[in-house]
Each structure stands twice: as structure tokens, then as C-alpha cells.
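Structure record follows, encoded as C-alpha cells.
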Amino acid sequence: MTSSSRASAAPVDVLVIGAGVVGSAIARMLAQYELGCTVVEAGNDVGTGTTKANTAILHTGFDAVPGSLESRLVHRGAELLRQYAAQAGIPLERTGALLIAWTTEQAGQLADIEDKARRNGYLAARRIKADALYAREPHLGPGALGALEIPDESIICPWTTPLAYATEAVQGGIRLVLHTRVLGIRESNGMHEVRTSNGVLRCRWLINAAGLESDHVDAMLGGDSFTIQPRRGELIVFDKLARPLVNSILLPVPTLKTKGVLVAPTVYGNVLLGPTAEDVRDRSDTATTAAGLSSLLDAGRRILPELVDEEVTATYAGLRAATEHRDYQIRIEAARRYACVGGIRSTGLTASLGIAEYVLDKLAGAGLPLKKRGHTAPVTMPYIGQAGIRPYQDRAKIAADPAYGDIVCHCERVTRGEIREALASPLPPADLDGLRRRTRAVNGRCQGFFCGAAVASLLGDQASAGRSR
Ligand SMILES: Cc1cc2nc3c(=O)[nH]c(=O)nc-3n(C[C@H](O)[C@H](O)[C@H](O)COP(=O)(O)OP(=O)(O)OC[C@H]3O[C@@H](n4cnc5c(N)ncnc54)[C@H](O)[C@@H]3O)c2cc1C
């Protein structure tokens with residue numbers, strides 16, 4: 001059940017704070033067991049925090065810190081998400097990546113990075129020379145000296161992924177409480193009593209997956225082992241006409257602070273340039289800046305000169321939940337029946353299912369009773385990628401229901417049938433942005449200039465139908 005009504009209810013076995021990709025992955029896994037669970041989320045939808053604004057790469061973990069928890073969970077998470085995406089209809093393309101050396105110093109680092117990949121359990125990376133690199137990427141700027149090829153790096157839909165997890169969780173009986181912020185937590189009669197902006201929730205076990213607020217929630221339980229230092233990443237989305245310029249994800253040689261500025265195709269057929277890496281104070285500061293975008297264009301001009309002459313569709317920024325530590329901050333406290341799943345910085349989309357599996361395993365060890373339910377139904381999400389068949393291209397679907405041939409958003413070829421389906425789904429969107437993340441409507445080159453009113457009116461019709469029910 002999705003609810004925005006008062007949060008208060010009978011005590012539950014497990015309460016998850018945060019419905020980003022991590023909290024949703026955990027909820028999906030909890031739904032497979034005989035437990036009463038609630039997810040409480042401050043936003044009006046699933047995946048409205050860092051999860052909605054990233055670079056959308058399914059990493060192999062080749063460049064993680066060997067031996068770290070992040071390395072282990074990215075590796076495992078990628079394996080699980082690759083399988084899950086195929087089953088749930090999440091757009092995913094195995095484009096491969098090329099980590100490019102532009103200076104002799106960087107060329108000298110490629111062997112070390114290849115060795116690091118091996119130490120991270122990734123064995124398929126191999127060095128290629130400049131001529132092979134330019135054969136693969138003919139539009140690359142001049143001066144590249146060679147590259148490390150990572151054939152399994154992939155691009156994935158960052159919006160469908162948490163929605164698929166949360167849909168499966170809700171269909172499995174998990175209660176999702178939106179518009180509800182956790183304000184304080186105290187222990188009372190063997191239960192956590194969680195005060196929210198919308199009433200009091202009581203639970204036996206508590207999981208903190210609050211992303212950029214995970215340290216604050218941890219502090220509500222007395223934790224003080226990490227502080228979130230938001231690291232803003234700005235990105236530029238180029239028009240679909242730019243897509244033929246690039247075949248793989250083009251990576252720079254990383255530094256200690258950042259993976260650096262990359263060029264990557266998206267599963268919607270665009271090209272991304274970014275992200276920047278800038279520490280900011282405000283945990284909600286997702287504004288783009290003239291300086292940030294200009295630095296991206298400078299980097300892009302070097303990597304793929306023709307790209308910067310293409311039209312820009314959109315710009316956006318996301319905040320990484322960086323901390324003073326170089327690893328995830330996952331801690332299970334058996335005595336307090338509490339799991340802190342914080343500081344999931346720049347790889348959480350990839351690692352999400354690995355994190356969920358790890359946390360549940362540790363909670364089981366701490367005494368959370370995990371008894372499998374008899375049957376759990378997998379979900380199939382509406383396909384919004386560019387590489388497969390979309391409804392407007394599907395003659396049989398249109399013949400069965402002409403609404404799938406009635407295009408409303410022309411830039412992204414989104415039909416009335418898809419919008420209707422999203423509005424009637426188990427997790428309907430709360431606003432235009434939620435509808436965009438479910439269908440791609442208003443996500444194209446006109447950014448809703450042409451179709452915005454028509455799309456908003458379909459959304460409005462649904463809202464008034466809901467009010468009169
Ligand atoms: C620029 C950038 C590029 C990235 N690129 C990639 C990439 O290519 N591949 C990859 O795998 N990862 C990438 N990441 C990282 C990835 O996006 C994150 O690791 C992941 O989204 C973190 O998910 P989360 O669920 O922990 O946090 P969030 O998505 O932020 O979710 C936390 C949720 O908790 C809620 N919340 C917070 N406080 C409270 C409270 N008190 N009460 C109730 N709810 C609360 C928030 O509203 C939010 O919805 C990137 C990140 C950025 C910023």
C-alpha cells in the first residue's frame with residue numbers, strides 16, 4: 001500500500017528510513033520474508049534524492065579500493081542487477097568503457113589500474129594502443145596515447161531501477177509512507193519509537209538508508225562515526241543527434257578525489273558529459289553553476305570536440321553522500337536492532353542489490369528472523385530505453401489498444417497509453433517529474449515546451465479522478 005496519510009500504525013518488525021535506490025533495494029528483499037515492514041520517505045516519491053541524478057553507469061568495480069566493502073558490494077551488486085534488469089525490463093546496455101590516457105604520466109598509470117582491476121576481481125580489462133582506440137572511437141579528440149578497455153561497464157536506467165524494487169516491495173506487502181520525514185528516535189519498551197512529521201511509528205528493527213541525511217539519522221541513535229560532506233556533481237545532457245559521436249563510456253584516469261569527467265551514452269539515446277566534483281555545505285544544493293558547466297565544456301572539448309557543438313537538452317546536478325572515510329558506512333548493531341547503511345557515495349546504484357543482500361545477511365546474524373514467504377511475484381516494468389522496442393513501435397500493442405499509437409510527447413515518443421499506464425501503476429507519480437521518470441515524457445529536447453500542457457492535463461485528470469473517488 002502506498003500512503004501519504006498519517007504514518008502512525010501498529011508496530012512493525014522492520015522500518016526502513018529512505019526510499020532511494022538503497023532503501024528500495026532493501027525493501028524489495030525484505031518483502032521476500034514473513035515480516036511486517038514499512039518504508040518511510042521524506043519525499044513525495046521513490047528515488048527523489050541522489051538516486052535520480054547520477055551518471056547512470058553500472059560499474060564493474062574495476063577501480064574500487066581493493067579489499068574495501070565498496071569493492072565487494074559493487075562487484076556483487078553489478079552481478080545481481082544485471083540479472084534483475086533482464087527480468088524486470090530495466091533498460092541496460094553493455095557499451096563497455098575506455099579509460100583514456102592523454103599524457104605520458106597517465107599512460108604510465110594504465111598498467112597499475114589494470115592490476116587494480118585484477119585485485120578487485122575484474123579480469124577482463126586490457127590495454128589497447130592509440131590506433132585501436134581511434135578505430136573504436138573515431139570522433140575522439142587528438143592526442144590520446146592509449147586506453148584501458150573495460151568491456152563490462154554498462155549504462156542503465158537510474159529511474160526504473162528503484163521503481164522496480166519499490167513496486168516489487170509494495171506488491172509484496174510492504175507499506176510505503178511518503179511525504180514523511182523522520183525527526184527523532186527513542187527506545188521504548190523494546191521498540192524503536194520513531195517520531196515523524198506525520199505521526200509516530202514503532203518498530204522492532206530499524207534500517208537507516210537516509211542517503212545525504214544518514215549521519216543525522218545515525219546521530220538520533222547516538223552514532224557519531226561519520227559526517228556527510230555533500231559532493232556536488234554537475235552534468236550536461238546533449239541531444240540525441242550527438243549519440244553517433246560515441247560508442248563506449250569514455251573515462252579519464254581517476255584522481256584520489258574523483259573518477260573525473262566522463263562522456264557516456266544514456267539508455268534514452270542522449271550523451272552525458274560530467275560530473276564535476278565540488279564539496280558544498282548545503283545538503284540540498286543541486287543547482288548547476290556557470291563555472292561548473294563551463295569547466296565541463298572545456299573537458300568535453302578535449303575528449304570529443306564535436307560534442308560541444310551539439311545542442312544541450314538539459315543540465316542537472318546530484319549530491320554524492322561523501323564522508324571523511326573512503327568506504328561505505330554500513331554498521332549493524334545487534335543489541336539495538338539497528339542497521340546504518342550510510343555514506344553510499346558514488347556507486348550506490350550499481351551496488352544496491354549487493355548492499356541489500358549484505359545488510360539482510362548481517363541482520364539475520366544479529367537475530368532478525370528471516371523466514372521465506374511461499375511465493376513472491378517478480379515485476380515487469382514499462383520499458384523506457386532507446387535500444388529496445390517502445391510501445392509506439394509495437395504494431396501488435398497499438399492494434400490491441402490505439403492509445404499506444406497516440407503520441408503525446410513527440411521528442412521522446414511517449415504515448416497516451418504509457419502515461420495512462422504509469423498513472424494507474426502500483427506506485428503512481430505524484431507530479432510531472434515523477435511521470436517523467438516513469439515514461440520519459442517532457443524529458444526531450446523541448447523539455448515540455450510543446451507537450452507540457454497536454455502531459456500536465458493527463459496528470460491533472462488523474463489527480464481529480466483520485467480526489468472524487
Ligand atoms: C553526480 C553523481 C554521479 C553518480 N554516478 C553513479 C553511477 O554512474 N553509478 C552508480 O552506481 N552510482 C552513481 N552515483 C551514486 C548513486 O547515485 C548513489 O550512491 C545512490 O543513489 C545513493 O542512494 P541512497 O538510497 O543511499 O540515497 P538517496 O537516493 O539520497 O536516498 C535517500 C532517501 O532518504 C530520504 N531521507 C533522508 N532523510 C530522511 C528522513 N529524515 N526521513 C525520511 N526520509 C529521509 C531522502 O528523501 C532520500 O529519498 C552517482 C552520484 C552522483 C551524485
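Of all lysines in the structure, those lying under 25 Å Cα to Cα from residue 362, and not within fewer than 8 positions of it along the same chain, are 371, 372. Cysteines in the chain that lack a partner Cβ within the 4.7 Å cut-off: 37, 157, 203, 340, 411, 446. Taking the centroid of alpha carbons for each part, region 331-398 and region 224-297 are 25 Å apart.
The peptide list 334-340, 237-243, put in order of mean Cβ contacts within 10 Å with the highest first, becomes 237-243, 334-340.
The calculated FRET efficiency for residue 34 paired with residue 334, based on their beta-carbon distance and R0 = 30 Å, is about 0.90. When Rg and the Kirkwood radius Rh are both evaluated on Cα atoms of the chain, their ratio Rg/Rh stands at 0.97. Only DSSP H runs of four or more residues enter the estimate; each adds -39500 (n - 2.57), and after division by the residues of the chain the mean residue ellipticity at 222 nm equals -9500 deg cm²/dmol.
For 103, 439, write out the residues from largest to smallest accessible area, computed with a 1.4 angstrom probe and no ligands counted.
Ranked list, largest accessible area first: 103, 439.
Look at where the Cα atoms of region 59-109 and of region 416-432 average out, and the two centres are 32 Å apart.
Expressed as a rounded percentage, what relative contact order does the chain have, with Cα pairs under 8 Å and six or more residues apart?
21 percent
Each DSSP beta bridge with both residues in the chain is either parallel or antiparallel, and the antiparallel ones are about 70%.
Taking every alpha-carbon pair under 8 Å whose residues sit at least 6 apart, region 171-315 reaches a relative contact order of 20 percent. Rounded to two decimals, the Cα radius of gyration of region 329-422 over 2.2 N^0.38 Å is 1.70. For residue 300, neighbours were defined as the other residues whose beta-carbon sits under 11 Å from its Cβ, and their charges (Lys and Arg +1, Asp and Glu -1) total -2. Taking 0.36 nm per residue of separation and subtracting the current Cα-Cα distance, fully stretching the chain between residue 446 and residue 105 would add 118.5 nm. Per residue, the Cα convex hull of region 30-183 amounts to 160 Å³.
For residue 83 and residue 387, a Förster radius of 22 Å and the Cβ-Cβ distance give a FRET efficiency of 0.75, rounded to the nearest 0.05. Divided by 2.2 N^0.38 Å, where N counts the residues, the Cα radius of gyration of region 235-342 comes to 1.32.
Hey, what did region 194-261 get for relative contact order, percent, Cα under 8 Å, at least 6 apart? Once normalised by length, the contact order is 14 percent.
To put it simply, the accessible area of the chain at a 1.4 Å probe is 52 percent carbon and sulfur.
Would you kindly calculate the translational diffusion coefficient of region 16-79, applying Stokes-Einstein with the Kirkwood radius from alpha carbon pairs, for 20 °C and a viscosity of 1.002 mPa s, and quote it in µm² s⁻¹ without decimals? The calculation lands on 159 µm²/s. Straight Cα distances below 29 angstrom link residue 397 to the lysines 240, with same-chain residues fewer than 8 positions distant left out.
What the pair-distance distribution of region 227-295 shows, using all Cα-Cα distances binned every 10 Å from zero, is 19, 44, 31, 6, 0 percent. Annotation: peptides 349-356, 290-297, ranked by per-residue average of other Cβ atoms within 10 Å with the highest first, follow the order 349-356, 290-297.
The values are calculated or read from the model by the stated rules, or taken from the named source; none is laboratory data. Computed from a prediction, not measured in an experiment: that's the story for all the values here. Every residue, glycine among them, receives a Cβ derived from its backbone with ideal geometry; neighbour counts consider all protein chains shown. These accessible areas exclude ligands, DNA and RNA; they are computed on the full protein's heavy atoms, side chains included. Shrake-Rupley method; radii C 1.70, N 1.55, O 1.52, S 1.80 Å.
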